[in-house]
1. If you take the square roots of the eigenvalues of the alpha-carbon gyration tensor of segment 45-145 and sort them as a ≥ b ≥ c, do you get rounded (a/c under 1.5), prolate (a/b over b/c) or oblate?
2. Using a Gaussian network for the chain with springs between C-alpha atoms less than 10 Å apart, which of these wobbles most: ALA28, ALA11, ALA125?
3. Note down the net charge around GLY197, summing +1 for each Lys or Arg and -1 for each Asp or Glu among other residues with Cβ under 11 Å from its Cβ.
4. Tell me, what is the percent relative contact order of segment 3-180, built from C-alpha pairs under 8 Å that lie six or more residues apart?
5. Which residue fluctuates the most in the chain, going by a Gaussian network model with Cα springs under 10 Å, if the choices are SER121, SER88, SER147?
6. Just to be sure I understand: with springs between alpha-carbon atoms less than 10 Å apart, which residue in LYS80, LYS131, LYS57 has the highest mean-square fluctuation in the Gaussian network model of the chain?
7. Tell me, what is the Rg over Rh of segment 95-147, with Rh the Kirkwood radius over Cα pairs?
8. ASP74 to SER163: extension gain in nm, 0.36 nm per residue of separation minus the Cα-Cα distance?
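What follows draws every value from the coordinates through simple rules; no lab data is involved. The shown structure was predicted, so the numbers you read here are calculated from the model rather than taken from an experiment. Here the Cβ is made from the backbone with ideal geometry for all residues, glycine too, and neighbour counts use every protein chain on show.
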Amino acid sequence: MSRWKRVLDVAVAGTALALGAPVIAGAAALVWFDMGRPIFFRQVRPGLHGVPFEMVKLRTMRDAVDRDGRPLPDAERLTKVGRFLRASSLDELPELWNILRGEMSLVGPRPLLVRYLPRYSPEQARRHDVKPGLTGWAQIRGRNAASWAQKLEDDVWYVDHWSLALDLQILARTVIAVLRREGISAVGDATMPEFMG
């Protein structure tokens, strides 16, 4: 991919972090008042070529478990503040740091769970031929309301059709999607059902 993609990533992520610091601090304060510590949610996700990295987001769920120590369903752990942060995409802002570190890009397939890696078909696995993104082609074409098959197909389409112009188009359409709060969750699910392959 073009070095200009990296230039765009650093310029936009750096500016957004600098200008958005008060917003991130305010959102972090909401998390702290609502759920206490930790404020940030850290999880290892697969990056470029499946190489793991630690993704950072604002926490949106309580650490509630059942009698056997298993996490309760997302719908029961997601708080009102968490729903607001997800709907506004404010929980994603700390990922700008991952972009500056070179682990993510502004645009690319969303970083999913490590346990999904062996479940992809060879074609679907090509989503890891580029860095994961803060937003992506699949996000502006349905976000979590789209099926897994459609999302992964969109991810591979992006890999095959990448251009700087496409990235700029996706970024512009992401702003519209966030303002409209479209596709925040799958039908009948608080977030998105697990991908089973």
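1. Taking the square roots of the gyration eigenvalues as a ≥ b ≥ c, segment 45-145 is prolate.
2. ALA11
3. Net local charge, GLY197 excluded: +1.
4. Dividing the mean separation by the residue count of segment 3-180 yields 21 percent.
5. Evaluated over the chain, the most mobile residue of the options is SER121.
6. LYS80
7. The Rg/Rh ratio comes out at 0.98.
8. Value of the extension gain: 28.5 nm.
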